[in-house]
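Enquirer: Starting off with a structure, shown below.
The values are calculated or read from the model by the stated rules, or taken from the named source; none is laboratory data. Given the structure is predicted, the values throughout are model-derived calculations rather than measurements. We place every Cβ from the backbone using ideal geometry, glycine too, and count neighbours over all the protein chains shown. We work out accessible area using only protein heavy atoms, side chains counted, and drop any ligands, DNA or RNA first. Shrake-Rupley method; radii C 1.70, N 1.55, O 1.52, S 1.80 Å.
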Amino acid sequence: MKFEERLSDRDAWSIGDGCSAGRVLDLLSTKTVFLVVRECFYGTTRFDDFVTRVGASAPAVSRALKQLKAAGIVAPVVYREPGSRARDEYRLTEAGEDLLPVFLSLMQWGDRHLQDGRPPLSFVEAATGRPIQVRVSAEQAPETACDDIEIRVHPAWDAASGAP
C-alpha cells in the first residue's frame, strides 16, 4: 500500500485512537468474545450452548455476551420452554452479520497458513457449492448472505481425520 502525498510524512500525523482496526480489536478483545461471534454464525443462540461450544467458563461467556450486546453486535430475544422461566437467546444484529467477512477472512488466512492444507471446514455457496472467498478488490461483486452459505467438512480434513 502507498499513502497519498499529504500522508507521506508518517511523523507528521497519527490516527491514534481513531484507528478502526484498533477499535475492532478492542471490541473483539478476547478469544472468548470472538468465539461467541463464531458460534452465532454457526447458529448457536442459547447461553448454555455457547458455554459448551466455546469451551469457556459461564462467567467468561456472560461477559462476552454483555460486551457484544453493548456494542450492538448481538441482541437478546426472549424464549420460554414449557414449565420454565423466560430466558434470552442471542442473535446477531445487522452490525453482527456485517462481521461475516472479518470472520471468514481470519478463517481463510488460518486455513492457508495454520492448517497444513487440511482445514476442518469449508464454506460454500449453498446453491452452487462454489467456495466462498474473501478478497481485496476494486471491483464490486454481489454479496453472499449468511443464509446462502453452507458449512461443510473440508474434503482434505475429512480424508485425513476420518471424520463423518
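Enquirer: For the range 66-116, enumerate the residues that are open to solvent by less than 50 Å² (accessible area, probe 1.4 Å), assigned to a loop (DSSP other than H, G, I, E, B) and either polar (S, T, N, Q) or free of Cβ contacts under 8 Å to residues at least 40 places away in the same chain (or both).
Expert: Gly72, Thr93
Enquirer: Still on this structure, please answer the following. Which residues, taken from the range 124-152, are touching a Pro at 6+ places or on another chain (Cβ under 6 Å) and farther than 17 Å from Gly110 by Cβ?
Expert: Going through the range 124-152, the residues touching a Pro at 6+ places or on another chain (Cβ under 6 Å) turn out to be 124, 134.
Val124, the sole residue that qualifies.
Enquirer: If you don't mind, there's one more thing I want to ask. Does Ala156 count as more than 27 Å from Asp49 (Cβ to Cβ), out of contact with any His (no Cβ under 9 Å at 6 or more places or on another chain), open to solvent by less than 50 Å² (accessible area, probe 1.4 Å) and at pLDDT below 90?
Expert: yes
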